[in-house]
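Throughout, read-outs are computed from the coordinates displayed, never taken from laboratory work. Bear in mind that the values here come from a model prediction, so they are computed numbers and not experimental data. Reconstructed Cβ throughout: ideal geometry from the backbone, glycine too, with neighbour counts over all protein chains shown.
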Amino acid sequence: MPDRRTQLLDAALMVVAAKGMKGLTHRAVDAAANLTEGTTSNYYRSRAALVEAVLDRLEQLDAALLQDQGPAGPPQNIEELAGQLSALVTALAGQHAGLTRARLALSLDKPGSVTAGHFRLVGGLEQAIAALGIADAPARARDVADYGDGVLLHLLTVRRDEQPDTAAIAAAVRRLLG
């Protein structure tokens, strides 16, 4: 059983995923966590404190997700990198869709809040791309990250009833890196 703060923050992420930032209230978090009204405000006195804590929790969950979804070592070729990225996008649009929705809502409300995580992801991509000997790694990493973000947005909105096509995603990544 997670500690009370973790329980509240995970419930807050569920609220943001379902209702957006306007739905994030102390009462909504209490209800989502099945706790007595006032519990969230005892831990996070203001909405600003709650939002900051939610952002910190999102950062923790993102780091754990990248570690869990990440390979044992760096990709050995473009095919392997494309497969890894395709699997990550599929996981973010599938089993971790709620976390992705929350991240998108938070980034729209507080654009600077997800900047560090984005640059970490792009930096990791840039290193992997450079290690494969692909020219202009910084630009390619940005292109691949932008593509992944766009696919995620579409899979959660206009294509939400479709199963992600991991082969097509991997093929698009290979084209971007080719």
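Details
- Ellipticity at 222 nm from helices only: DSSP H runs of n ≥ 4 in the chain, each -39500 (n - 2.57), divided by the residue count, give -23500 deg cm²/dmol.
- Extending 7 Å from the Cα toward the beta-carbon at both residue 79 and residue 108 defines two label points whose distance is 4.0 nm.
- Binned Cα-Cα distance frequencies in the stretch 93-176 - 10 Å width, integer %: 16, 44, 34, 7
- Here the dipole of the chain is about 540 debye; that uses its Cα centre as origin and unit charges on the Cβ of Lys and Arg (positive) and Asp and Glu (negative).
- Rounded tilt (10° steps) of 97-109 against the dominant C-alpha axis of the chain: 80 degrees
- Convex hull volume of the stretch 16-84 per residue (C-alpha atoms, cubic angstrom): 121 Å³
- On Cα atoms only, tilt of 4-19 relative to the major axis of the chain in degrees: 70 degrees
- Along the axis of the charge dipole computed for the chain (Cβ charges of +1 for Lys and Arg, -1 for Asp and Glu, origin at the Cα centre), the listed residues 144, 121, 96 are led at the positive end by 96.
- With at most 15 neighbouring Cβ atoms within 10 Å, loop GluC sites (Glu not before Pro) (DSSP) excluded, longest segment of the chain: 38-161
- Positive dipole terminus of the chain, leading residue within 8, 66, 38 (C-beta point charges): 38
- Along its three principal directions, the equivalent ellipsoid of the chain from the Cα gyration tensor extends over semi-axes of 34, 16, 14 Å, largest first.
- The value given for the stretch 58-141 is a Kirkwood hydrodynamic radius of 13.8 Å, derived from the mean inverse Cα-Cα separation.
- Given their separation in residues at 0.36 nm each and the Cα-Cα distance between them, residue 34 and residue 166 gain 43.9 nm when the chain is fully extended.
- Within the stretch 1-98, trypsin sites (Lys or Arg not before Pro) in DSSP loop having at most 10 other beta-carbon neighbours inside 10 Å: none
- For the pair residue 157 and residue 6, a Förster radius of 35 Å applied to the C-beta separation gives a FRET efficiency near 0.75, rounded to the nearest 0.05.
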